[in-house]
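Colleague: The structure that follows is given in the form of structure tokens.
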Amino acid sequence: MSEGLIFDRVGVQFGSRIVLSDVEAQFAPGQIIGLVGPNGCGKSSLLGAVAGLLSHRGEITFNGRGVDAQNLGYMPQHSQIRASLSVLEVVLLGRHEQLGWRVSADVLEAAYGILGSFGIEDLASRPIHALSGGQQQLVLLAQRLLRAPRLLLLDEATSALDLAHQLRVFEILRAYVERTGALVMIAIHDLNLAARHADGIMLLRNGGLAGSGRFDDVVTPQVLRSVYGVEAEVLTSCRTGSVIVPLARVREGSVAPIRLSP
Amino acid sequence: MTIAIRKVDFVRGDYRRASRYRQLGLALSVLALIALMLLDLTTGPSGMPLNDVLKGLIAGPAGEDRMTATILWQLRMPQTVMGLVVGACLGLAGLQMQTILDNPLASPFTLGFSAAAGFGAALAIMFGGALAIPDYFVVPISAFAMTLVACGLVYLIATLRGASPEILVLGGIAVSFFFQSIQSLLQFLASPEVLQQIVFWLFGSLLKATWTSVSVSGAILLFCLPFVARNCWALTVLKLGDGNARSLGLSVEKVRRETFLLVALLTAAAVSFVGTIGFVGLIAPHVCRLIAGEDHRFALPLSAVIGAVILVGASVFGKFISPAAVIPVGIVTAIAGIPMLFAVILSRGAEGGVK
């Protein structure tokens, strides 16, 4: 099958430092995939490679072809924006390749519509630099959605959001995936959020893939211990039926005491 | 429900309203520029009331009143139009520089262009006499060529090490110091008369303008405009930071290098004939951001117009305070620029530029 996103022996290295090697996985379109793993394990590098911004070995194909910038929405990890642009102007830039001297009413309508679905339409004429980090993240996500991508790559897009907005973002992504059949891959640290909202999971450990597939197949207490070095349970909520991961503690002996010099 | 819909309509009208507000700002700036240019034509050592200026303009360069026609068309008009061209070049170059370097302190001279032009001019003033070409050709050509050499050096550094703002600024500082120091060496070696000429060139004055210089600088400006316009959305995207711009499919380094070449051309066009004129390229973009924000569709034309307004205004002012010995416009912009810069800094409230 050539539908969806396929990683074929993908590797990324910076100089002589190998970040990822031999990543093999495939995901059908129309899903949300959670990309999880400890800090520095190569999540961002993998997304950068898919987006075509990092050179890589092996092959990454989407629907049988190389990933095409026109079909792609990629949101890198957040850094504060200082521009004096209004929120609406920032969202419009999602379509910068197609914009002419006059912004068409259709694009304007689409931009307002997306801001409305995020519940931040009232921010439209506020300057982007005056917003909080979380609000900026929402605006940038709205901008990527305006591109109507078939493949949406989000690097910790929910890291600065409050609980309600995290849920809202996943509901919007779910609706988007169901309406368009797009594939969303989101790098995320919160395992409970991933368990609840992702259809599939891709777990990275230092240097490569630790597993991919359904959450409860991939994430087990043994895997959590070996990948993250934490003791945790993986339970099924008896009320909602979803998987939850209550974290217990860092594995014994893995934290050295802080020594303060006398 | 109706209330909710009205609220949404109100918000949706905002973008169009802001666009109209910006167009209005642009139109008003153009009117102010025309008014200042007329005022500039009326001022000069021999005076000339507005009425006569208008008559002379309508009569054209071959008008019957020979004296008016000569003063207006041969003496004052080149200076006024040169003010427009140089101001527009510096305004455009300044805004593009601040955008690609992501730095509000950047100006067309940040990357050593003025130092290079100054060196080129000094070189020509000292040794140009040996050539069989008249001075008024050699000096601008040499200044122009040296500006492009400086541009080539920084470009080379940017190609070898990546066109990030840091690399460009560091390369520019190195080039700037290099040209400044060899220009100082020339000044040190020069005879008092030559030294005086060099210093006078460095002041930057519209008195040096002729129709030839206006045509050359104007042609370079017109040549650059389509390229500047083509990148206006790309420059706006660049304001989101390199990471975001790259992820939106923008070839960040390419845009930066192209813009950098345009800035070099525009700066060379501006300074080669009239000498270095500071502050216009620094302040025009700030004033323009206060009026039009950073959507470069509006900001670029507005910055050009405001640059021209500042320069023509400075020319009028220089002639007003001492009609006999016109103060070089470069000195006026430098002195007047400081309070303007303070005004801009203080008016940047907690929320900054956008209206």
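The values are calculated or read from the model by the stated rules, or taken from the named source; none is laboratory data. Computed from a prediction, not measured in an experiment: that's the story for all the values here. We place every Cβ from the backbone using ideal geometry, glycine too, and count neighbours over all the protein chains shown. For the accessible areas, the whole protein counts, side chains as well, though only heavy atoms, and no ligand, DNA or RNA atoms are used. Shrake-Rupley method; radii C 1.70, N 1.55, O 1.52, S 1.80 Å.
Colleague: Quantify, in whole percent, the carbon and sulfur part of the accessible surface of the protein assembly as shown (1.4 Å probe; protein heavy atoms only).
Modeller: Carbon and sulfur atoms account for 63 percent of the accessible area of the protein assembly as shown.
Colleague: How much accessible surface area, in Å² rounded to 10, belongs to the heavy atoms of A:TYR112 with a 1.4 Å probe?
Modeller: Answer for A:TYR112: close to 10 Å² accessible.
Colleague: Then there's this: Give me the accessible area buried between chains A and B, both sides summed, with a 1.4 Å probe, in Å² rounded to the nearest 100.
Modeller: In total, chains A and B hide about 3100 Å² from solvent.
Colleague: Please list B:ARG246, A:ARG147, A:ARG9 from largest to smallest accessible area, probe radius 1.4 Å, with all protein chains kept in place.
Modeller: A:ARG9, B:ARG246, A:ARG147
Colleague: Next question. Karplus couplings for segment B:93-109 from phi (6.51 cos²θ - 1.76 cosθ + 1.60, θ = phi - 60°), rounded to Hz, Gly and Pro as x?
Modeller: Working through the residues one at a time gives 4, x, 5, 5, 5, 5, 6, 6, 8, 6, 8, x, 8, 6, 8, x, 9 Hz.
Colleague: A:SER104 label point, 7 Å along Cα→Cβ, cut-off 19 Å on backbone N: hits in segment A:135-178?
Modeller: A:143-150
Colleague: Which whole number gives the average, over all residues in A:96-109, of C-beta atoms from other chains lying within 10 Å of the residue C-beta?
Modeller: 3
Colleague: Using a Förster distance of 30 angstrom, determine the FRET efficiency expected from the C-beta separation of A:THR180 and B:ARG16, and round it to 0.05.
Modeller: Step by step, r from the Cβ atoms, then E = 0.55.
Colleague: How would B:ILE34, B:ILE327 rank on accessible area, largest to smallest, probe 1.4 Å?
Modeller: The residues order as B:ILE34, B:ILE327, largest area first.
Colleague: Please work out whether segment B:2-143 counts as rounded, prolate or oblate from its C-alpha gyration tensor, where a ≥ b ≥ c are the square roots of the eigenvalues and a/c under 1.5 means rounded, while otherwise a/b larger than b/c means prolate and anything else oblate?
Modeller: Because a/c hits 1.5 or more and a/b fails to exceed b/c, segment B:2-143 counts as oblate.
Colleague: Whose amide H sits under 5 Å from the amide H of A:VAL19, counting only residues 5 or more places off or on another chain, with H placed in the peptide plane?
Modeller: Here A:VAL12, A:GLN13, A:PHE14 satisfy the definition.
Colleague: Per the helix-only calculation at 222 nm, which mean residue ellipticity applies to chain B, given -39500 (n - 2.57) for every DSSP H run of n ≥ 4 and division by its residues, nearest 500 deg cm²/dmol?
Modeller: -26000 deg cm²/dmol
Colleague: Also, quick follow-up: Given only helices, namely DSSP H runs of n ≥ 4 each adding -39500 (n - 2.57), what is the per-residue ellipticity at 222 nm of chain A, to the nearest 500 deg cm²/dmol?
Modeller: -8500 deg cm²/dmol
Colleague: First check a/c for chain B, with a ≥ b ≥ c the square roots of the eigenvalues of its C-alpha gyration tensor; if it is under 1.5, answer rounded, and if not, answer prolate when a/b is larger than b/c or oblate otherwise.
Modeller: Verdict is oblate for chain B.
Colleague: Would you rank B:TYR136, A:TYR74 by solvent-accessible area, highest first, keeping every protein chain in place and using a 1.4 Å probe?
Modeller: The most accessible residue leads, giving B:TYR136, A:TYR74.
Colleague: Next question. Figure the gain on full extension for A:THR240 and A:GLN26 (residue separation times 0.36 nm, minus the Cα-Cα span) and round it to one decimal in nm.
Modeller: Going from the current span to full extension adds 74.2 nm.
Colleague: Is segment B:235-355 best put as rounded, prolate or oblate by its Cα gyration tensor, with a ≥ b ≥ c the root eigenvalues, rounded for a/c under 1.5, and otherwise prolate when a/b is larger than b/c, oblate when not?
Modeller: Note, shape of segment B:235-355 comes out oblate.
Colleague: Kyte-Doolittle cut-off -1.0, length cut-off 24 Å along the helix's own axis using Cα: show which whole DSSP H helices in chain A pass.
Modeller: Counting only whole DSSP H runs, the qualifying helices are A:163-180.
Colleague: With both partners inside the protein assembly as shown, how many of the DSSP beta bridges are antiparallel, as a percent to the nearest 5?
Modeller: 55 percent
Colleague: Return the sequence-ordered ³J(HN,Hα) values of segment A:3-9 in whole Hz as given by the Karplus equation 6.51 cos²θ - 1.76 cosθ + 1.60 applied to θ = phi - 60°, using x for Gly and Pro.
Modeller: Along segment A:3-9, the couplings run 5, x, 9, 10, 9, 10, 6 Hz.
Colleague: What is the projected area of the convex hull of the Cα atoms of chain A, averaged over all directions, in nm²?
Modeller: If you wrap the Cα atoms of chain A in a convex hull and average its projections, you get 18.0 nm².
Colleague: While we're looking at this one, here's another question. Set the Förster radius R0 to 56 Å, insert the Cβ-Cβ distance between B:THR210 and B:GLU166 as r into 1/(1 + (r/R0)^6), and round the FRET efficiency to 0.05.
Modeller: Calculated value: 0.85.
Colleague: Nearest 5 percent is fine: what portion of the DSSP beta bridges confined to segment A:5-249 is antiparallel?
Modeller: Here the antiparallel bridges make up roughly 55 percent for segment A:5-249.
Colleague: Under 5 Å between amide hydrogens, which residues at least 5 positions from A:VAL230 or on another chain qualify, with H placed 1.01 Å from N in the peptide plane?
Modeller: A:ARG225, A:ARG251
Colleague: Given R₀ = 41 Å, FRET efficiency for A:GLN222-A:GLN70 by Cβ-Cβ distance, to 0.05?
Modeller: For R0 = 41 Å, the calculated efficiency reads 0.45.
Colleague: Each residue of segment A:196-202 in order: what ³J(HN,Hα) in whole Hz does its phi give by Karplus 6.51 cos²θ - 1.76 cosθ + 1.60, θ = phi - 60°, with x for Gly and Pro?
Modeller: 3J(HN,Hα) across segment A:196-202, in whole Hz: 6, 10, 8, 7, x, 9, 10.
Colleague: What distance in nm lies between label points placed 7 Å from Cα along the C-beta direction at A:ASP122 and A:VAL250?
Modeller: Between A:ASP122 and A:VAL250, the simple spin-label model gives 4.2 nm.
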